[in-house]
1. In Å², what does the accessible area per residue of the protein assembly as shown work out to with a 1.4 Å probe?
2. If I model segment B:1-102 as equal point scatterers sitting on the Cα atoms and use the Debye formula, what is log10 I(q)/I(0) at q = 0.12, 0.15, 0.22 Å⁻¹?
3. Pull out a ≥ b ≥ c, the square roots of the eigenvalues of the alpha-carbon gyration tensor of segment B:48-356, then state rounded if a/c is under 1.5, prolate if not and a/b is larger than b/c, and oblate in the remaining case.
4. Could you work out, residue by residue across A:248-255, how many beta carbons of other chains sit within 10 Å of that residue's beta carbon, and then give the average as an integer?
5. With Kirkwood's inverse mean 1/r over C-alpha pairs for Rh, give me the Rg to Rh ratio of segment B:195-315, two decimals please.
6. Rounding to the nearest 10 and keeping the result within 0 to 90°, find how far the Cα-based axis of helix B:95-108 lies from the longest principal axis of chain B.
7. Scan chain A and hand back the longest stretch that contains none of the GluC sites (Glu not before Pro) lying in DSSP loops with at most 16 other Cβ atoms within 10 Å.
8. Taking beta carbons within 10 Å but only from partner chains, what does the mean come to for residues A:122-132?
Amino acid sequence: MKRHLLSAADLTREDAELVLQTADEMRSLADRPIKKLPALRGRTVVNLFFEDSTRTRISFEAAAKRLSADVINFSAKGSSLSKGESLKDTALTLEAMGADAVVIRHGASGAPHRLAHSGWVRSSVVNAGDGTHEHPTQALLDAFTMWRHLGPRNGGTLDGQRIAIVGDVLHSRVARSNALLLQTLGAEVTLVSPPTLFPVGVETWGVETSYDLDAVIPKADAVMMLRVQRERMNGGFFPTAREYSRRYGLDGRRMATLQDHTIVMHPGPMVRGMEITADVADSQRSVIVEQVTNGVAVRMAVLYLLLGGSEPAGSLAEPVETPGDHS
Amino acid sequence: MTTYLLKNVSVLGGEPQDLVLKDGVVSTGSTTEGVEVIDATGLIALPGLVDLHTHLREPGREDAETVETGTHAAALGGFTAVHAMANTEPVADTAGVVEQVWRLGREAGYCDVFPVGAVTVGLAGERIAELGAMADSAARVRVFSDDGRCVSDPLLMRRALEYVKAFDGVIAQHAQEPRLTEGAQMNEGELSGRLGLAGWPAVAEEAIIARDCLLAAHVGSRLHVCHVSTAGSVEIVRQAKARGWNVTAEVTPHHLLLTDELAATYDPIYKVNPPLRSAADVEAVRAGLADGTIDIVATDHAPHPHEDKDCEWAAAAFGMLGLETALSVVQQTMVDTGLLDWAGVAERMSYAPARIGRLSDHGRALEDGAPANLVLFDPSVSRVIDSSETASLSRNTPYAGRELPGRVVATFLRGKATVLDGKLA
Ligand SMILES: [Zn+2]
């Protein structure tokens, strides 16, 4: 693997499969009484969050702690980060603290790229979501979730599996990362969106695109619903929330057209009633809660592979015997 | 005042000859008495370059550039006249501010500074500024622009175009439809979609240019289009000229050389407005400059302090330096490619911009009696650009580390050397 994880495009198929296999090992740890490994003992992971995202930060924090890393949380709320102090100055501070990995969430597309390539820090940089660009660990956890559900009936891979990603592709870092990673893993991706919410140039992404949700989902093996912010109405991307839901929301009627094995996903946080109805989100097909669990395992795998080892996780040491370390 | 004898100089790339610079004027005869001889063998003499689009930042942002440092950079780039854009603090929207900038240029003495007046008060796009007072001031303003902002209100634009007819002025439009470019960060295309950077679509430039050409034709006024950057814009200007409309246009050196691919680095040294465009657009603006559709090269020299570029892309300022590298970029993109000869360069970087700005003592052919404003350029050498070597107070050159052809050897302003041996005199 490369030293940084900035884009899903940084991962070769071998890299991505190694992450999935490692995550699988990490996930089995969750079933053990002591959920902690010494793999990153003495290493420091900084969560640098310029944008509020409790769920992603908690997921990375849990992942780092389960690998026995020291975790420092820098959060924009109530600190110098929200206004004034620059990304560069913050980076220099982190460098002085001896961070081994910086997990960065930033509202500006490319901020993790700048952090990694400007010579400000020597640590590994993990993109935890940048602007409307990418969110590679979300794509990895999504792929991991699909692989666990669809892999067993497909020779252990996602080759040829049809994945529908539905919603605000234009502003979605999740869609970009998923489109890249799922293609790397051999899946066939169809993006479904109103024409106003497709980025210019999407026809060069190597994916199928459609404006017609009903035509796409009966063939899909997984349907991923993207969050749609109501504010987009004010930008004129669609006329009303009701019209959006009617044309692009996943409700019980549409769910009935899915194949038996098809799973329903959502990166969260959901806007229930907008892109997905409660009965769908809470149905047997929904793997939304499992995505959260898998998020920790995948982020453990990413941190482990970036910081520690290139070894498969099977060679990981036994769990540590000191439970309950809350640093 | 020193009299210079330029031996074996190639005027506009022609046969070697001697030129004498005496008492501020050019003479083509030879003299040997009491002169300083410069061996100009292999050097090209061009009339002093005239930039129609320079940001000198003074007053207000003297941390980025001053009239003095900006004119030093101009002289080093071979310029003898620059037009200082109005987006200073305070805005150059009154006779007082334009006279201040004009005087600062005279005091610095390295390059004539012709202030551009704002079209609207405070660049706010609401009320026309006192254009007549600026025209009648000591600065004799003829070029008016809200550059950095577009005069997007069509009625206001119409009135401005009409009003400046009284003093033979021209409106230089920064063509950017504001609603189509809200939050825009880079050229809208395949790459902006991938990078997740908000797009600045070509149509936002082209729609304004088309509208302004129609307005200028309707009211019979002069329109100048700043920094044309797209193939579509070139085509619109070409059609306007074919209809005989009084429209001129400029292209920047960076739009002649650089493409939007550079945004993939997320390094905001490449962030500029209008944005770097596609390779096809670069081809089109080169062709437009070659066939005269685009009249001139203008630098849009835009200094910014380090901290405004040493950050994430979205937080960075738009703009790049251009004065000291303009002629080299034009050599690389237009001369070395065979698209222009040196006479064509003189037309596009001196004669034509001086005509558009209604300057009488700049942009003159190097003939007997002409003001001795000229540059000696060595096209045979090349140099690697080092951002720390610029005379500008700012360092935001997009060419750092690049090898560019040619070097300004000397610049003369009214017969006085402002640059000798490639250094400020
Ligand atoms: Zn401009």
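1. 37 Å²
2. The calculated log intensity ratios at q = 0.12, 0.15, 0.22 Å⁻¹ are -0.56, -0.73, -1.04.
3. Rounded.
4. Mean inter-chain Cβ contacts per residue within 10 Å come to 0.
5. 1.01
6. Once rounded, the angle reads 30 degrees.
7. A:86-320
8. On the way: counts 0, 0, 0, 0, 0, 0, 0, 0, 5, 8, 6.
Counting Cβ atoms of other protein chains within 10 Å of each residue's Cβ and averaging gives 2.
The values are calculated or read from the model by the stated rules, or taken from the named source; none is laboratory data. Quick caveat: nothing in here was measured; it's all calculated off a predicted structure. All Cβ positions, glycine included, derive from the backbone under ideal geometry; neighbour counts span all protein chains shown. The accessibility values were calculated without ligands, DNA or RNA, using every heavy atom of the protein model including side chains. Shrake-Rupley method; radii C 1.70, N 1.55, O 1.52, S 1.80 Å.
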